[in-house]
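Trainee: Below: one structure in structure tokens.
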Amino acid sequence: MSPFSCSLGGDNKWVTSRLVSFPPVAAVTVTYGRRWKFLSQVLDELVTNHPLVGDIVIVDNASEDDIESCVNLVRNTCGARIHAARLDTNTGSANGYKTGIEIALRETEAELLWLLDDDNKPCEQSLERLLCAYRALGDDPNNALASLRRDRQQYLRAAKDGTMVGLKPNSFFGFHIRDAGCKFGRKLMSKSRQHQVSKLRFPLISIGCVPYGGLLFHRDWIRKIGLPDERFYLYADDIEFSSRMVGHGGRIYLCAMSEVEDLEVSWHLWTSASHPMMSSTADLLMLYYQIRNQAYLETRRCVSCFPIYVLNVVAFLGFLAASSLWFDRKPLFTARRIRFLVTAIRDGWAGRLGQVEI
């Protein structure tokens, strides 16, 4: 157990400051490509400012950087307990986190695992605040907590308005025709207004699913629900894994006072196209995995009326086509991209998962 002063600080001092002992924690991350420039900042933050992280597990998904040498330098400099494993090929995020979790369970005594993307830099006291919330909720292993990432609008709105985040029944990528008016209204607001949140009024809110980045959970969950599903390869594997917790009686809470900073903006957030899925610069392989895996997950987790679901899919694709034609005025490109999306959706419905070549 590690002692620490338990306080969330700021305007929401809803946990009394006192000396407490927390369960041991292992941070687990996966890297690939040439991303040491991000991972190095995450590691520096963990070893310098987060003493409650007892072990760090890094899975090197066949990256181009010499991760082993870089990690050895960190070990020799600060004596951090870092467990690094290199995979010969990039096996995707699902198998990467699966491998990292297995290492944490096998080689560390951590009771709690804290998953971070290789560009998720923890903010000040982010882990301490998660652990304070975990303690306030009764140290119940059935509870998992997630740090806030401010570039994820749905989670930001949840912390501001108390709205639930999860897989919406019969919706496609969160789109339901009955909510189209509300979504259109939000689109009309300026981006500055969307991102300005004066107060996060809900320090803890129950959510139905969450990405890997910032997720803290008890090791017993792996015994209950198993490891991430490597068939997903990329995308939606984190949503499937976390929603599996909720499906087995668990609770996931977004902890708004604990934040991690995304050092790199996700491709679907920075594109300037009418919609990220219609961007000519989008990586088609990444787009395929995103669409296919989400379609697979939705049909197996949140569809109770398939005709309504199909109606939402058609309406969503119609919106994409109309907006692309209006803003980009490239009818041939629009037709090809919609056909590509339909192929990915059909593959998801048919359960054709795993790694593919485009």
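The values are calculated or read from the model by the stated rules, or taken from the named source; none is laboratory data. As the structure is a prediction and not an experimental result, all values here were calculated from the model. Ideal geometry is used to build each Cβ from the backbone, glycine not excepted, and the neighbour counts take in all protein chains shown.
Trainee: Check whether at least one residue in region 94-103 is within 26 Å of Lys224 (Cβ to Cβ), of a type in the set (A, V, I, L, M, F, W, C) and touching a Cys at 6+ places or on another chain (Cβ under 9 Å), and report yes or no. I'd like the intermediate steps shown before the answer.
Mentor: Keep residues of region 94-103 that are within 26 Å of Lys224 (Cβ to Cβ), which gives 94-103.
Now restrict to residues that are of a type in the set (A, V, I, L, M, F, W, C): 94, 101, 103.
Now narrow it down to the ones that are touching a Cys at 6+ places or on another chain (Cβ under 9 Å): none.
No: zero hits.
Trainee: May I ask you to list the residues in region 118-139 that are assigned to a loop (DSSP other than H, G, I, E, B) and in contact with a Phe, Trp or Tyr (Cβ under 8 Å, 6 or more places away or on another chain)?
Mentor: Matches in region 118-139: Asp118, Asp119, Leu137.
Trainee: Please state which one of Gly318, Gly249 is assigned by TED's automatic domain parsing to the domain that holds Pro211 and loosely packed, with under 14 Cβ neighbours inside 10 Å.
Mentor: After applying the criteria, what remains is Gly249.
Trainee: For the structure I just gave you, tell me whether Leu46 is closer than 30 Å to Arg231 by Cα and crowded, with 21+ Cβ neighbours inside 10 Å.
Mentor: No.
Trainee: Any residue in region 327-348 that is over 14 Å from Leu285 (Cα atoms) and touching a residue at least 24 places away in the same chain (Cβ under 8 Å) sitting within a Cβ distance under 7 Å of a residue that is surrounded by fewer than 14 Cβ atoms within 10 Å (Cβ to Cβ) and of a type in the set (S, T, N, Q)? List the pairs, counting only those 6 or more apart or interchain.
Mentor: From region 327-348, the pairs are Phe333/Ser280.
Trainee: Condition first: charged (D, E, K, R) and free of Cβ contacts under 8 Å to residues at least 24 places away in the same chain. Now tell me which residues in region 98-138 satisfy that.
Mentor: Residues of region 98-138 that are charged (D, E, K, R), as a first pass: 98, 102, 106-107, 109, 111, 117-119, 121, 124, 128-129, 135.
If the condition is that a residue be charged (D, E, K, R) and free of Cβ contacts under 8 Å to residues at least 24 places away in the same chain, then Arg106 is the only one that fits.
Trainee: A further question follows. Does Arg292 satisfy the condition of being of a type in the set (Lys, Arg), modelled with pLDDT of 95 or more, buried (at least 16 other Cβ atoms within 10 Å of the Cβ) and part of a helix (DSSP H, G or I)? Give the steps one after another, and end with the answer.
Mentor: Details: of a type in the set (Lys, Arg): yes; modelled with pLDDT of 95 or more: yes; buried (at least 16 other Cβ atoms within 10 Å of the Cβ): yes; part of a helix (DSSP H, G or I): yes.
Judged against the criteria, Arg292 is a match.
Trainee: Confirm whether Arg300 is in a helix (DSSP H, G or I), outside the structural domain of Val246 (by TED's automatic domain parsing), within 22 Å of Arg244 (Cβ to Cβ) and modelled with pLDDT under 95.
Mentor: yes
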